[in-house]
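Comments concern the structure below.
Derivation of every value follows stated rules applied to the coordinates shown; laboratory data play no part. Keep in mind the model is a prediction, meaning the values are calculated, not measured. Neighbour counts are summed over all protein chains in view; Cβ atoms, including those assigned to glycine, are modelled from backbone coordinates with ideal geometry.
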Amino acid sequence: MRKKGKKWFGLLIAIVFLCAFCVPVAAASKLPRLQVKGTQLVNSSGKKVQLRGISTHGLSWYPEYVNQSAFTFMKKNWKVNAVRLAMYTAEYNGYCTGDASNRRKLEACIDNGVKYATNAGMYVIIDWHILSDGNPQQNQKEALKFFKKMAKKYKNNTNVIYEICNEPNGGTSWSTIKKYAEKIIKGIRTYDKKAVILVGTPNWSQDVDQAALSPVSKKYRKNVMYTLHFYAATHKEWLRDKAQAALDKGLPLFVSEFSICDASGNGGLDKAEAKKWLTFLDKNNISYMAWSLSNKAESSAFIKSGCSNTGKWSSKNLTAAGKWITNWYKKK
Ligand code: IDC
């Protein structure tokens with residue numbers, strides 16, 4: 001009898017241990033891991049994948065849009081399959097300019113964003129949103145620390161993508177960006193060997209042709225894509241020509257931010273040019289993320305400034321850009 005009791009006790013202990021170590025803390029993503037093959041984003045069985053989604057505005061400005069109801073709604077009703085979490089580094093309570101409690105708030109917002117995207121069945125981009133800090137080396141130490149922390153935390157989340165510098169500008173050269181990128185990629189790969197990493201390009205992520213002449217070194221090239229940003233009322237055929245030149249050289253591109261107004265994020269919409277852009281991107285199976293999920297009084301915002309809903313929007317709640325872009329998404 002005593003022997004039998006010991007056996008059951010042993011089994012119980014084993015089960016408790018197994019549960020403690022095997023049950024994940026948050027729901028794991030069921031989405032397949034993505035990888036980069038040539039210029040293409042593909043899933044684990046090599047099938048082409050195109051992400052079409054929406055970027056938040058700055059997480060410090062509009063954290064209220066990071067909620068489960070909003071993310072599930074966008075997936076179901078707008079047919080998007082990805083969301084980008086834009087965390088400014090310098091502007092308005094930026095990660096590198098705000099205090100420690102602000103950092104904790106931003107990291108909590110990212111944790112929640114990843115969780116909500118996972119529950120909704122979407123891919124999620126963690127965006128280090130440099131802007132007035134146009135040279136990414138300015139906050140390289142913080143960036144490295146941040147991305148190592150993220151990579152350690154999310155290495156098993158098959159739906160997480162890292163965007164390491166939104167828009168280098170102010171004359172920052174590709175060779176400077178490339179040096180920064182290699183450092184950060186190395187840091188991420190210490191923990192996360194597989195996730196897709198997006199690298200910004202010179203001149204507000206427009207000069208992809210320069211990156212194409214000298215991509216990051218072979219050692220760091222796996223599952224890396226380069227970002228191209230456009231605002232349809234400002235950036236036209238000449239920027240698509242740069243994109244085509246980069247593609248011709250074999251550079252994998254990802255449009256992690258675009259809108260159909262002008263580059264200020266405001267002004268009139270150019271729907272004809274927007275149609276040309278998105279047709280070009282669809283033809284080349286390039287992923288794209290629209291700016292922005294907010295109700296700021298500017299034409300790039302999806303939600304009307306008078307609307308306080310932070311989810312379950314009706315079409316009456318959407319701005320002209322919000323309507324046009326969600327209609328485009330829904331058509332596919
Ligand atoms: C803009 C926002 C605006 C905010 C400003 C901060 O729309 O509300 O006050 O940033 O400087 C980008 C940037 C993106 C810009 C956007 C529009 O990545 O941060 O957002 N834009 O100017 N690149 C081209 C355009």
Fewest-first ranking of E107, E237, using other Cβ atoms within 10 Å as the exposure measure: E237, E107
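Do you know the relative contact order of the stretch 84-172, to the nearest whole percent, from alpha carbon pairs under 8 angstrom that are 6+ apart?
Here the relative contact order equals 35 percent.
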Residue order, fewest to most surrounding Cβ atoms within 10 angstrom, among S55, S173, S29: S173, S29, S55
Surface/4 of the Cα convex hull for the stretch 209-332, nm²: 8.6
Share of Cα-Cα pairs in the stretch 149-189 lying beyond 11 Å, as whole percent: 70
The stretch 94-192 - Kirkwood radius from inverse mean 1/r over Cα pairs (Å): 14.1
Beta bridges by DSSP in the chain, antiparallel share as percent, to the nearest 5: 15
Which of W313, W128 has the fewest Cβ neighbours within 10 Å, and the rest in rising order: W313, W128
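Where does the chain land at 222 nm, in deg cm²/dmol rounded to the nearest 500, when only DSSP H runs of n ≥ 4 count, each adding -39500 (n - 2.57), divided by all residues? Numbers along the way, then the final one.
Values: 10 runs with 132 residues, N = 332.
So the calculated ellipticity at 222 nm is -12500 deg cm²/dmol.
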log₁₀ of I(q)/I(0) at q = 0.16 Å⁻¹ - the chain, Debye sum with one point per alpha carbon: -1.46
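Can you give the charge dipole size of the chain about its Cα centre, rounded to the nearest 20 debye, using +1 on the beta carbon of Lys and Arg and -1 on the beta carbon of Asp and Glu? Intermediate values should be presented prior to the final figure.
On the way: 53 positive and 23 negative charges, 490 e Å.
Dipole about the Cα centre, nearest 20: 2360 debye.
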With eigenvalues of the C-alpha gyration tensor scaled by 5 and rooted, the stretch 195-264, Å: 22, 13, 9
